[in-house]
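J.: Before we start, here is the structure in question, set down as structure tokens.
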Amino acid sequence: MTKKRLSISGVLMSVIAAMLFSCNLDDFKLNELAKPVDIVPVVYAPIAYGTFRVKDLLTVPIPDATPIPTGGLSLDPFIMGKTGVTFNSIAIDSVYLQNHFTNDTPINMEFSYNFYDGTTGLPIGQTFASGIIPPGVKDTLIQFKLGRSDQDNLLSASNIILRFRPSNVGNTSILYGKVKNTYFSIKIAFYAPVHIWKLM
Amino acid sequence: MKTVIGSFTIFISVFFLMGTNHLYSQPNTLYFMKGIPQTKDINPARPGIAGGFYFSMPFLSKIDLSANTNNWSYNDLIHRGSFNPLSNTLNNTFQTSDSLVIDIDKFRASIDNKNFAFESAALTILEGGYKKGDDFFSVSITEREFGELFFSRNLIDLVKRGNYPYLGQTFYSGNFGVNMQHYREFTFNYSHDVNKKLTVGAAAKILFGMGAVHTNGMNFKIASPAIGDYLDVSTSGKVNISGPVDFGYNSSGLISSVHRIPNYSIRDYLTNLKNPGIAFDFGVAYRVNTKTELSASMIDLGVIGWKSNVTRLTENGNFLYRGVNLNNPGQTQPFQLQPIVNALRDSLISEFKPDTLGSNFATLLPTKIYFGIDHQINDVLSFSGLGRVRIMSNRVHTSLTAAANAYLFDALSISASYSLMESTFDNIGLGIGFKIKAVQLYAASDNLFSPFHPAKARNMNLRIGINFIFGDGTDSKKRGSLNPNCHCPF
């Protein structure tokens, strides 16, 4: 009887112990982790903002009685030197440049971006133009997509140039004096899907 | 005797050949097992022996291992991929059924708003005790460690979605962080049979902390208007660290490196007595009638004061980020972005740089409260129920266990259990102990099946131990009936 008890106990405990350790650890072999993994957070950040009077962006004064030219008025551009700053990542295929524009002037407004080579002084790649923004528009969203080649152009550029151009509404001509103290504003931000797997 | 050694050898061999790293536990199933002295670890008023003395196998007295989550598993995050030719073409992926994939969608669907992963391990170096008359004494030395990772679903959402979808909202990360402690425990246990119905017990524990990481209230929030013209980022929280590490700081005052304290050996670590603590266990068992017993206990009500090699980091920052102000570039055109970016970086570092202190801190142990009922059906069989409340990091975790307990052949104690634990419902447990002459082996787990597939497990635990019991007399049914408070086999 005693031997039977002991045998039962021994066998039972051994079987249970063996069962406990017969575990499947295959899924912990992280060297079998597939790439890519589908984690693509979208990162957003403001870049710049500003509110301007038309006259703020004219270094050469214009008489108030001067009509706004048919082709529009060329304001002084913003030239942003990006030496030492890199806007590029292998994890980002596309960057979306968001511009919220408010036009409180009585005339149409346009803006555009160009990337420039500082050495040659020549533009690199395409111009990103807003098109006509009518007067009275508040925080309208104008978005540019920067694909891979645009990002490469930005990487090689030394300057980013932002231009604003006021222009007449339709065939009516308006005098500079009516426009010079009116405001427009821009809020620039970007968002970009980040492919985490490309960083791994 | 040969059979004893044979069974013993097989068991120990299997145990070590398969590897202790596969074990997990602090099982509720142990609570009602008969004739196991270590039931007093869960309720000091239930010492498990009727008389005599016992000691445990030195360095293998008992091993406790456990891991559990709030109902999510490793496989919810990482699992074998399923081959999908269409999606592979579209996404240029290489997932096959053979490869592992990180599945954040499945993981997100599996977790709650607040989540945790908890693990603990304990190794009792030596333990011994005796029961004489109405009194039971025991002492033990145990190395313990536990760790907890906690995070909110919001944090996973941010990793998955980024901050862009939260424009026009305020994103709250919820509290996140880790708590880890390693300490040595000297336990003095005493219980007393007040009368034939009532037994009370208590344990005093002197603790010596070896190392700790304690996160308190770490969180951040990001607010932005719908058109996203600014990001308002706020952070707060504390991290307390005691361990043989030094932090290196860069010129901005940020931690730039972590390295081991020079000439601080493992021996220095293990013999560190500068972090004292104290804890208590309390227990009571009341026999309502000859067949039914009610019991309750509070385990690990204690604190450790951390004084050696302490670093305390306090974070409390706020930053309103709008980007570059084109109205005031600060210099003539063309204005350079790099100084602006550098200034922005410096502002961020300054605002979010944690304050560093070297003052002492204290941590609480994860306190457990048990409520039990045990009803004896006959000399062999009893049914029992147990409720456990675990309090950790200001959060309460509950579990309920129902068990059937049997004592067979005057040697074999078996408990089969079913538990509801942390919202998991598939916990079928087993406790088994046998005593051959003076040698007793026992093991208990609340989830018998989780070790087969640890990647799918949500609760895993196991306690295993070896005792040498002398003069207990628990193999006698008569003995049990003479000692209604013994909580041993009848």
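Read-outs: derived from the displayed coordinates by stated rules, not from any lab. This is a predicted model, so every value here is computed, not measured. Cβ atoms come from the backbone with ideal geometry, glycine included; neighbour counts cover every protein chain shown.
J.: What do you get for trypsin sites (Lys or Arg not before Pro) in the stretch A:111-195 restricted to DSSP loop and a cutoff of at most 14 other Cβ within 10 Å of the site's Cβ? Don't skip to the end; give the middle numbers.
T.: On the way: sites: A:Lys138, A:Lys145, A:Arg148, A:Arg163, A:Lys178, A:Lys180, A:Lys187; in loops: A:Lys138, A:Lys180.
Listed in order of number, the matching sites are A:Lys138.
J.: Using only the Cα atoms of chain B, each taken as one equal point scatterer with no solvent, compute I(q) by the Debye sum, divide by I(0), and report log10 of the ratio at q = 0.12, 0.14 Å⁻¹.
T.: Once normalised to I(0) and log-transformed, intensities are -1.13, -1.37.
J.: Where the centroid of each part is defined by its Cα atoms, how far is the stretch B:338-406 from the stretch B:103-146 in Å?
T.: Computed from Cα coordinates, the inter-centre distance equals 11 Å.
J.: Still on this model: In the protein assembly as shown, with Lys and Arg counted as +1 and Asp and Glu as -1 at Cβ, which of these residues, B:Ala404, B:Gly237, A:Pro106, has the Cα nearest the positive end of the dipole, that is, farthest along it?
T.: B:Ala404
J.: Mean residue ellipticity at 222 nm from the helices of the protein assembly as shown, using -39,500 (n - 2.57) per DSSP H segment of n ≥ 4 over the full residue count, to the nearest 500 deg cm²/dmol?
T.: -4500 deg cm²/dmol
J.: A further question on this structure: Over chain A, what is the percentage of antiparallel beta bridges among all DSSP beta bridges, to the nearest 5? Can you show the working numbers first?
T.: Working: 46 of 46 bridges.
Given both bridge residues lie in chain A, the antiparallel proportion sits at roughly 100 percent.
J.: Of A:Lys198/B:Lys160; B:Lys62/B:Lys114; A:Lys187/B:Lys238; B:Lys114/B:Lys368; B:Lys40/B:Lys238; A:Lys82/B:Lys221, which pairs sit farther than 25 Å apart, going by alpha carbon to alpha carbon? Intermediate results must be reported in sequence, preceding the final value.
T.: Numbers: A:Lys198/B:Lys160 15 Å; B:Lys62/B:Lys114 33 Å; A:Lys187/B:Lys238 36 Å; B:Lys114/B:Lys368 20 Å; B:Lys40/B:Lys238 36 Å; A:Lys82/B:Lys221 31 Å.
Distance filter (> 25 Å) returns B:Lys62/B:Lys114; A:Lys187/B:Lys238; B:Lys40/B:Lys238; A:Lys82/B:Lys221.
J.: Provide, in order from the shortest bin, the percent of all Cα-Cα pairs of the stretch A:39-199 in each 5 Å bin, continuing until the bin that contains the maximum pair distance.
T.: For the stretch A:39-199, the binned pair fractions read 2, 8, 16, 19, 17, 14, 11, 7, 4, 2, 1, 0, 0 percent.
J.: For the protein assembly as shown, place one equal point scatterer on every Cα, skip the solvent, and apply the Debye formula. What is log10 of I(q)/I(0) at q = 0.06, 0.09, 0.10, 0.12 Å⁻¹?
T.: The Cα Debye sum returns log10 ratios of -0.52, -0.88, -1.00, -1.27.
J.: Hey, if you put +1 on the Cβ of every Lys and Arg and -1 on every Asp and Glu Cβ in the protein assembly as shown, which of A:Phe164, B:Leu123, A:Leu58 ends up farthest toward the positive end of that dipole?
T.: B:Leu123
J.: In the P(r) worked out for the stretch B:190-298, what percent of Cα pairs fall beyond 26 Å? Intermediate results must be reported in sequence, preceding the final value.
T.: Details: 3428 of 5886 pairs.
Considering the stretch B:190-298, 58 percent of its Cα-Cα pairs are separated by more than 26 Å.
J.: Using +1 on the beta carbon of Lys and Arg, -1 on that of Asp and Glu, and nothing else charged, what's the dipole of chain A about the Cα centre, debye to 20? Display every interim value, and only then the final one.
T.: Working: 17 positive and 14 negative charges, 148 e Å.
Dipole size: approximately 700 debye.
J.: Angle, helix A:2-21 long axis vs. longest principal axis of chain A, Cα atoms, 0 to 90°, nearest 10?
T.: That helix lies at roughly 20 degrees to the long axis.
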